[in-house]
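First comes the structure, then the notes that go with it.
The values are calculated or read from the model by the stated rules, or taken from the named source; none is laboratory data. Remember, predicted model here, so these are calculated numbers, not experimental data. A quick note on method: Cβ atoms are made from the backbone with ideal geometry, for glycine too, and the neighbour counts reach across all protein chains shown. These area figures cover heavy atoms from the full protein model, side chains too; ligands, DNA and RNA do not enter into them. Shrake-Rupley method; radii C 1.70, N 1.55, O 1.52, S 1.80 Å.
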Amino acid sequence: MFWLLEKILRRVVVNGNLRVVDATGSQYRFGDGTGPEVAIRFADRATERAVAFDPQLTLGESYMNGRLIVESGTVYDLLELLLRNVQAQPQPRWLQWLDAGRRYGRRLQQFNPVSRARRNAAYHYNIDGAIYDLFLDPDKQYSCAYFTPGADLNEAQLAKKVHLASKLALRPGQRVLDIGCGWGGLALWMATNAGTKVKGITLSSEQLAVAQERARKQGLANAIEFALEDYRETAGKFDRIVSVGMFEHVGVNHYGTFFRRLNELLTDDGVAVLHSIGRSDGPGYTNPFIAKYIFPGGYIPALSEVLPAIERAGLIVSDIEILRLHYAETLKAWRERFMARRQEAVALKGEEFCRMWEFYLAGSETAFRYQGMMVFQIQLIKRIDALPIVRDYMLEEERRYYEATRSRSEPTRLAGE
């Protein structure tokens, strides 16, 4: 085995049971031998060197191109073992330098003018939509669900929509802007259950086509408008604004613009709710594998980067909620559903794509369990008296939606239950 890789593994893998077969066939064991064995094999020396010098990028690349083979356990088991140990160990100095360089260059990577933002969105969302059907819930919710004990993915995604609606304090006839509407699930739910007029905007032509067709089939074409539009191009005034899972694509350079636009688009007594992945350990940079292969131009912010931009835009933070392990459980459900239908994914996109997607889902889940990732929901207002002064109204709203949902024989467990 390449000497530097062996040194890293000896230093990092203290707990667990890792067996590594190098390019010559020699076997090495790492950890204290506890737990199920995870075994990997390197196809060549070049891969060993690459993983040693830049594991954040090349571990995923090597699995994706078949140069790193998991022989015992799964790629999730491998990442779980590594990250569980890494969080307790300081990084080698050269990896700290690599981190510093990536942090220094993050603003260039996250420069997302309208044209580039469209290309980045198309890269991830304009793939064959059948891939998403393999692992998402029927409503195609591609963001963190709200899990309660015993809830399955479908129930948790419905609870997420209800939870957001309760914070928006929706009323019939209000105009709602859904920034980053995806395949339209939340917009359709709000129009159906709250009687609102919704405009949903996305940068993905594939998502737009699906959302428009869903609105047509549900007879909601007059209540909902879907548009291929950047938030910087939207005009008009809205009583409510919601954005779920889109802020991660904005880029740190553009936070000021984003929140100024929210202020401009929101009525004086309006309410906005922002739902985004965040990091609890302060500003950082995007994982290089994710940036290269999954979400180009994306960045997960710390609250310390977001709140100053909100303040400068003249908005008032009226509520913040941190969802800790909800996304880990969401990703677990997605990963298990994807793996159960993996052969269908191979038929659609090929083996290399499936290994890339498997690594993405497994890596994301372990990041939420071991690397300080979480989800935040920030409620924003322009006028201090725009909402009741106690949070009881949120639970009351959830109960109201629950009763309406139950009357249509759609059982669910809501966030407050």
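Conditions (1) β-branched (Val, Ile, Thr); (2) touching a Ser or Thr at 6+ places or on another chain (Cβ under 8 Å); (3) touching a residue at least 40 places away in the same chain (Cβ under 8 Å), marked per residue:
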{"position": "121", "(1), (2), (3)": "no, yes, yes"}
{"position": "145", "(1), (2), (3)": "no, yes, yes"}
{"position": "150", "(1), (2), (3)": "no, no, yes"}
{"position": "162", "(1), (2), (3)": "yes, yes, yes"}
{"position": "167", "(1), (2), (3)": "no, no, yes"}
{"position": "170", "(1), (2), (3)": "no, yes, yes"}
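Just one of (1) of a type outside the set (Asp, Glu); (2) within 29 Å of residue 286 (Cβ to Cβ); (3) modelled with pLDDT under 95 trips up residue 339, so point out which.
Only one criterion in (1) of a type outside the set (Asp, Glu); (2) within 29 Å of residue 286 (Cβ to Cβ); (3) modelled with pLDDT under 95 is unmet by residue 339, namely (3).
So, residue 230, is that one under 19 Å from residue 271 (Cβ atoms) and among the acidic types (Asp, Glu) or not? Break it down stepwise before answering.
Values: under 19 Å from residue 271 (Cβ atoms): no; among the acidic types (Asp, Glu): yes.
When the stated conditions are applied, residue 230 does not pass them.
I'd like the residue in the range 159-197 that is among the charged types (D, E, K, R) and within 20 Å of residue 217 (Cβ to Cβ) and, out of all such residues, is surrounded by the most Cβ atoms within 10 Å (Cβ to Cβ).
Pass one, the range 159-197, residues among the charged types (D, E, K, R): 160-161, 167, 171, 175, 178, 197.
Next cut, within 20 Å of residue 217 (Cβ to Cβ) only: 161, 178, 197.
Details: 161: 24, 178: 28, 197: 17.
Checked the range 159-197; the qualifying residue surrounded by the most Cβ atoms within 10 Å (Cβ to Cβ) is 178.
Of the residues 230, 239, only one is modelled with pLDDT of 95 or more and open to solvent by 20 Å² or more (accessible area, probe 1.4 Å); which? Let's see the steps before the verdict.
Working: 230 fails: open to solvent by 20 Å² or more (accessible area, probe 1.4 Å).
That would be 239, the only listed residue that is modelled with pLDDT of 95 or more and open to solvent by 20 Å² or more (accessible area, probe 1.4 Å).
Yes/no per residue for (1) part of a strand (DSSP E or B); (2) open to solvent by less than 70 Å² (accessible area, probe 1.4 Å); (3) of a type outside the set (Val, Ile, Thr); (4) modelled with pLDDT under 95:
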residue: 304; (1), (2), (3), (4): no, no, yes, no
residue: 308; (1), (2), (3), (4): no, yes, yes, no
residue: 343; (1), (2), (3), (4): no, no, yes, no
residue: 366; (1), (2), (3), (4): no, yes, no, no
residue: 375; (1), (2), (3), (4): yes, yes, no, no
residue: 385; (1), (2), (3), (4): no, no, yes, no
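Within the range 9-83, considering only strands (runs of 3 or more DSSP E) that don't extend past its boundaries, which have at least 3 residues that are modelled with pLDDT of 95 or more and either open to solvent by 30 Å² or more (accessible area, probe 1.4 Å) or in contact with a His (Cβ under 6 Å, 6 or more places away or on another chain) (or both)? Give the derivation first.
Numbers: elements: 18-21, 27-30, 38-42, 68-72.
Counting at least 3 such residues, we get 27-30, 68-72.
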